[in-house]
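Quick notes on the structure that follows.
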Amino acid sequence: MLAVRSSHKPSATKRIILAIAVGALLFVASNLIDEYRIFQGAQVAAYLVGIISIVLLTGYSGQITLGQGAFMAVGAYSASLVVQEFGLPIWASFFVAVIAAALFGAIIGISAGRLSGPYLAGATLAFAVGIPALANAIPILGGEQGLSFDIGYAPGKYADTVSPYKWLFWICALCAIIAIVIAVNLTSSGIGRQWRAVRAHETAAALSGINPARSKVLAFTVSSGFAGLAGVSFSATVGLVAPSSFTLALSFLLLTGSILGGISHISGALGGALIIVIIPTIFESWTEEASLGVATYLPGIIVSALLLLSIALAPEGPSELLHKIRHRHRH
Amino acid sequence: MNLINTLIAGVSIGAIYSLIAFALILVWRSTRVVNFAQAGQAAFSTYVGLSVEKAVGNYWLALIAAIIAGVLVGAFVEVVIVRFIVKRATSAATATVAPVIAMLGLLGIFQGLMGLIWGGDYQPYPTAFSRDGISIAGNQIPFSRFDLFVLLTVVVAMSFAAVIFQRTSLGLSMRAAAFAPEVTRLAGIRVSRIRTLGWAFAGGAGGLAGVLVAPTTFIAPNSFDLLLVFGFTAAVIGGLDSLIGGVLGGLALGIGLSVVTGYLGGSYTFMTAFVLLIIILLVRPQGILGARGARRA
Amino acid sequence: MTLRVRGLTIDHGAIRAISNATFNIPQGSITAVIGANGAGKSTLLRTISGLKRATSGNILWEELELHRLQTEQIVRAGIVHVPEGRSVVTELTVAENLALGGIWRSRNNKSDVLAAIAEVYELFPRLGERKKQRADTLSGGERQMLAIGRGLISRPQLLLLDEPSLGLAPLVVEQIFQTLAELQKSTGMTILLVEQNAMSALRIASQGIVLDQGQVVIADDARAIMNDTALRYAYLGY
């Protein structure tokens, strides 16, 4: 993450070295904290990838999505299917998830790329509601119960020493680190600049030789690929792939995380993922004595209120707010 | 199942889609915001109706309470939240997405509040009329007295709205403000007040739709999400700017989906609506029924 | 009722549209504000009618401080702005567009609103022939008449007109300007006319204000401006 924040642009190799260092740090850290926190770490990693997929699509390419959960579902279902039906190994299913979701995103992107504003929002919203409903109706996808998705134990002799949660965390964290490296390299490349150009001014971008339609479809495809990876990570934390995992609420939660973290930069994704995992946890511990209703609904209200406030006060994310405050103090 | 029965079965649910489409279009015309929080507003109003029903035991009082709650919530949302957000979210990369996201935040707040107040369980909502199909000459048709009540209520509500829009100064102001807010202000009309009224009317329509649909779907904090998607589809069929278009779009959608369900089975209902939405957005963005006007986004 | 503008400065973001403008619009006059494209003419009108906020300075309508009021309140104070571009509501009929201008006072003055509508139809007979037609079916000239007519329904004491000649055939322009001159004579209302078509405007005006890059460079008798060839050449380009 440091690589993203620093003002001078490090090269791709430096980013990869840094990522390996962060990975090693997380590896060490995972041995020091308790099992439940490790599980939450895995959740953060899965959400992180999902938020990156939204930041790429909405923050960089300017296309709103209310249905990222649908793309996650596509990835997760295809991963689970190839494991169950064709006996592919788990690691391969992660690649299948990315490719399947990206292909799907490309198809949707071709049509959605022509929509904008509320129309795109409405279409993706319908999508978020429709895909789980469709999955429910297709027999091979296991209906209401869904399909199991078990990443199992660490291989060989580590199976006894590495707890399942730790194994889960390592896999999800690895996915997240790879996703961050790819996303950062992508957004600082020419493709990222094209996306931002199209977002800022479509006509001007077209006049300077960018094909806006192609740029938007590409953004949709790439974003969906990330969403597919998020979906399979997410399913690994849940242990199964079912319609009830990919609700509208999940899509909204991820969108909320991406706004709260700051939608215009990849760097916001970690903050966003932490917020949406931590806030409910805080309330769980605070409201143990309070009624169940408060514990269930208060976090949602708080997160939604934060979303509303941040849109009103700092639509670009918390970094913008900090900048504004600093700016005000100077005067 | 014969065709006529299938068509009839779709009319009353189509009328409810019409109401939601009407609410969405009214807000879109006045503020250029698609009110995704409408699902939450409608559910909230319906819960108010249910509480009144439980306290007093009178269906009609509950119906009126739900409509009034819808009106008040709609006005409150516009005055307290929307006005603030629309004013702020003008520049920045998120300018076009900000109102949409704000409405989702609002939806989240509504759903959380409803969960806190009324709990998350699906609760039944009573009806004033029998839900058994009416028998005509010994044949039972898939259209109950309750369906008839729904249809008539929506017809009355829409006629009421039509009179207001076409025959009163208020309606003229609302139409003018929808298409040319600046000219309307220069004509001495308080457009911000007109906007609040638009949200209030839309809220009332949502509350009515909630009470009419709740006996079928039951009521829970998020039980109207699907209704919102169908309402949006209906609004898009009608062209998002045309109230009449939206109402006809709702009826067409209800009947069309009923045919699909009748002949292909219930699992295809949603897919059909979704595919229809995408096709219309791509092929005829001004709506099937909207004759003119570009898609402003 | 005199409109007094004192030290008015208006900014468009980083660009200064009007800089420290001071002038009076006396009652019963027709004042033509002229100047090249981008001189800040429209911005001036939009600020008087409250659509835009001034950066600094005062706009006084007798003791009323217009720069603190909302557009709707300014209309109620008797100042009506007909913006540029034949601003009518194209989705409404001719009759509805006119009715719109009277809604705010129709509760107390229903009969006078109806009388005002009848007068507009008399003034512009072509509108009377097209009462039930939607405004988007009208010609450019008819739309401009409708826009002015809608303003007249509010019975303004001060009418702010922005580029009524824009994009219209010379004959139609002549007709509209003649009507305005007659209207001023019969009602005694004050007209502030913003125009690029300087000659037509000055011909019916009693006073002229020349704007150049946001500055008031001349405020003088209309005839004097027309006769001053050096000035015409410098600011009006002919």
> What's the number of the condition residue C:52 fails, among (1) free of Cβ contacts under 8 Å to residues at least 12 places away in the same chain; (2) charged (D, E, K, R); (3) surrounded by 16 or more Cβ atoms within 10 Å (Cβ to Cβ)?
Replying inline: (1)
> Regarding residue A:92, is this residue surrounded by fewer than 21 Cβ atoms within 10 Å (Cβ to Cβ) and either free of Cβ contacts under 8 Å to residues at least 40 places away in the same chain or assigned to a helix (DSSP H, G or I) (or both)?
Replying inline: yes
>> Within the stretch B:159-174, does at least one residue satisfy the condition of being under 14 Å from the mean Cα position of the chain (by Cα) and more than 10 Å from every other protein chain (Cβ to nearest Cβ)?
In response: yes
>> Are there helices (runs of 4 or more DSSP H) fully within the stretch B:164-237 with at least 2 residues that are free of Cβ contacts under 8 Å to residues at least 40 places away in the same chain and β-branched (Val, Ile, Thr)? List them.
In response: B:181-186, B:191-217
> Going through the stretch A:47-91 one residue at a time, which ones are touching a helix residue (DSSP H, G or I) at 6+ places or on another chain (Cβ under 7 Å) and on the phi > 0 side of the Ramachandran plot?
Replying inline: A:62
> Among A:108, A:131, which is the only one that is within 11 Å of another protein chain (Cβ to nearest Cβ) and under 19 Å from residue B:226 (Cβ atoms)?
Replying inline: A:131
> Looking at residue A:79, is it under 25 Å from residue A:267 (Cβ atoms) and out of contact with any strand residue (DSSP E or B) (no Cβ under 7 Å at 6 or more places or on another chain)?
Replying inline: no
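Is there a residue being within 14 Å of chain C (Cβ to nearest Cβ) and among the β-branched types (Val, Ile, Thr) anywhere in the stretch B:178-188?
Taking every residue of the stretch B:178-188 in turn, at least one turns out to be within 14 Å of chain C (Cβ to nearest Cβ) and among the β-branched types (Val, Ile, Thr).
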>> Tell me yes or no: at least one residue of the stretch C:114-126 is assigned to a loop (DSSP other than H, G, I, E, B), under 29 Å from residue C:213 (Cα atoms) and in contact with a Ser or Thr (Cβ under 9 Å, 6 or more places away or on another chain).
In response: no
> For residue A:249, all conditions in the list (1) in contact with a Ser or Thr (Cβ under 7 Å, 6 or more places away or on another chain); (2) of a type in the set (Gly, Ala, Ser); (3) surrounded by fewer than 19 Cβ atoms within 10 Å (Cβ to Cβ) hold save one; what is the number of the exception?
Replying inline: (1)
> Which residues, counting only those in the stretch A:218-240, are at pLDDT below 90 and either under 27 Å from residue A:193 (Cα atoms) or among the aliphatic types (A, V, I, L, M) (or both)?
Replying inline: A:238, A:240
> In the list A:130, A:146, A:156, which residue meets the criterion of being of a type outside the set (A, V, I, L, M, F, W, C), surrounded by 13 or more Cβ atoms within 10 Å (Cβ to Cβ) and closer than 20 Å to residue A:236 by Cβ?
Replying inline: A:146
> What number of residues in the stretch B:53-79 are under 21 Å from residue B:202 (Cβ atoms) and either over 21 Å from the mean Cα position of the chain (by Cα) or not hydrophobic (A, V, I, L, M, F, W, C) (or both)?
Replying inline: 3
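Results for (1) under 25 Å from residue B:75 (Cβ atoms); (2) of a type outside the set (Phe, Trp, Tyr); (3) more than 12 Å from chain A (Cβ to nearest Cβ); (4) surrounded by fewer than 24 Cβ atoms within 10 Å (Cβ to Cβ), shown as yes or no for each residue.
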site: B:212; (1), (2), (3), (4): yes, yes, yes, no
site: B:224; (1), (2), (3), (4): yes, no, no, no
site: B:248; (1), (2), (3), (4): no, yes, yes, yes
site: B:265; (1), (2), (3), (4): no, yes, no, yes
>> Show me the helices (runs of 4 or more DSSP H) found entirely inside the stretch B:38-155 where at least 3 residues are surrounded by 15 or more Cβ atoms within 10 Å (Cβ to Cβ), within 14 Å of chain A (Cβ to nearest Cβ) and of a type outside the set (Phe, Trp, Tyr).
In response: B:38-56, B:83-88, B:98-118
> When residue A:101 is evaluated against the numbered criteria (1) within 10 Å of chain B (Cβ to nearest Cβ); (2) touching a Ser or Thr at 6+ places or on another chain (Cβ under 7 Å), which criterion, by number, is the only one it fails?
Replying inline: (1)
>> Can you go through C:146, C:123, C:127 and tell me which one is over 15 Å from residue B:187 (Cα atoms), touching a residue at least 12 places away in the same chain (Cβ under 8 Å) and under 19 Å from the mean Cα position of the chain (by Cα)?
In response: C:123
> Given B:98, B:180, B:128, which one is of a type in the set (A, V, I, L, M, F, W, C), modelled with pLDDT under 95 and within 25 Å of residue A:128 (Cβ to Cβ)?
Replying inline: B:98
>> Test of understanding: among A:266, A:275, A:311, which residue is within 13 Å of chain B (Cβ to nearest Cβ), at pLDDT 80 or above and surrounded by 14 or more Cβ atoms within 10 Å (Cβ to Cβ)?
In response: A:311
> Taking the stretch B:134-177 as the search range and keeping residues that are under 16 Å from residue B:13 (Cα atoms) and not hydrophobic (A, V, I, L, M, F, W, C), which one is modelled with the highest pLDDT?
Replying inline: B:153
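Can you find, within the stretch C:82-103, the residue that is farthest from the other protein chains (Cβ to nearest Cβ) among those that are closer than 27 Å to residue B:242 by Cβ and in contact with a Ser or Thr (Cβ under 8 Å, 6 or more places away or on another chain)?
Ranking the qualifying residues of the stretch C:82-103, first place goes to C:102.
The values are calculated or read from the model by the stated rules, or taken from the named source; none is laboratory data. This is a predicted model, so every value here is computed, not measured. Methodologically, a virtual Cβ is constructed for each residue, glycine included, from the backbone with ideal geometry; neighbour enumeration extends over all protein chains shown.
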